[in-house]
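K.L.:
To start, I am sharing the structure in question, which I have written as structure tokens.
The values are calculated or read from the model by the stated rules, or taken from the named source; none is laboratory data. What you see is a predicted model; the values in this text were computed from it and never measured. So basically every Cβ, Gly included, is an ideal-geometry build from the backbone, and we count neighbours across all protein chains shown.
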Amino acid sequence: MKKIISIAFTLTILVSSPKLLSSADVLDTIASAIRSGNAETLSQYFDASVDVTILDKESVYSKAQAQMVVRDFLMKYPVSSFTLIHRGTSPEGSQYGIGTMTSSGGSFRVYFLVRNKTGVSLIKELRFEKQ
């Protein structure tokens with residue numbers, strides 16, 4: 001019985017850690033984080049610096065700054081729903097997702113670019129554009 005509990009605990013840790021996710025799962029996991037509307041959860045997948053575009057304002061932020069900027073946006077436009085409508089892989093191996101986020105303040109096109117950095121998939125670019 002102890003062995004089963006130990007295995008279950010280990011699997012839970014592996015599945016819940018964003019750094020250990022396979023690249024096939026990372027787009028769905030990031031989509032789920034966006035769907036939650038929680039900037040702290042989403043920021044777990046940010047690279048050390050992130051190119052963030054919100055509406056017409058674009059800048060490169062540190063991970064902590066990007067979290068604050070995204071948090072402010074998500075507080076102003078709380079997520080009602082998010083649907084990942086397109087996913088792909090660039091020739092260099094980067095992955096991207098494009099989706100639609102609905103909030104009480106309108107509908108937004110969301111784009112995120114994920115790069116593999118030493119075996120870890122991290123968001124390098126994140127865009128929220130009004131539709």
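K.L.:
Can you name the residue in region 1-37 that is farther than 15 Å from Gly97 by Cα and modelled with pLDDT of 95 or more and, of all such residues, is surrounded by the most Cβ atoms within 10 Å (Cβ to Cβ)? Step through it out loud before you land on a result.
P.N.:
The first filter runs over region 1-37 and keeps only residues farther than 15 Å from Gly97 by Cα, leaving 1-22, 36-37.
Right, trim to modelled with pLDDT of 95 or more and you get 36-37.
On the way: Ser36: 14, Gly37: 18.
Of everything passing the filter in region 1-37, Gly37 is surrounded by the most Cβ atoms within 10 Å (Cβ to Cβ).
K.L.:
Looking at region 107-121, which of its residues are over 19 Å from Glu58 (Cβ atoms) and either assigned to a strand (DSSP E or B) or in contact with a strand residue (DSSP E or B) (Cβ under 6 Å, 6 or more places away or on another chain) (or both)?
P.N.:
Passing the criteria: Ser107, Asn116, Lys117, Val120, Ser121.
K.L.:
Among the residues of region 47-61 satisfying the criterion of being part of a strand (DSSP E or B) and of a type outside the set (A, V, I, L, M), which is surrounded by the fewest Cβ atoms within 10 Å (Cβ to Cβ)? Steps first, please.
P.N.:
So in region 47-61, the residues part of a strand (DSSP E or B) come out as 47-54, 57-61.
Within this subset, residues satisfying the condition of being of a type outside the set (A, V, I, L, M) are 47, 49, 51, 53, 57-59, 61.
Details: Asp47: 19, Ser49: 13, Asp51: 16, Thr53: 14, Lys57: 9, Glu58: 11, Ser59: 12, Tyr61: 17.
Taking the candidates together, the pick is Lys57.
K.L.:
I've got another one for you. Working only within region 57-68, note down all residues that are within 14 Å of the chain's Cα centre (by Cα) and among the aliphatic types (A, V, I, L, M). Steps first, please.
P.N.:
Here is the first cut: in region 57-68, the ones within 14 Å of the chain's Cα centre (by Cα) are 63, 66-67.
Ala66 - this is the single residue of region 57-68 that is within 14 Å of the chain's Cα centre (by Cα) and among the aliphatic types (A, V, I, L, M).
K.L.:
Taking into account only those residues within region 90-131 that are modelled with pLDDT under 95 and of a type in the set (Val, Ile, Thr), which is surrounded by the fewest Cβ atoms within 10 Å (Cβ to Cβ)?
P.N.:
So the residue we want is Thr118.
K.L.:
Just name the residue that is surrounded by the most Cβ atoms within 10 Å (Cβ to Cβ) out of those in region 65-84 that are farther than 18 Å from Glu125 by Cβ and aliphatic (A, V, I, L, M).
P.N.:
The qualifying residue surrounded by the most Cβ atoms within 10 Å (Cβ to Cβ) is Val79.
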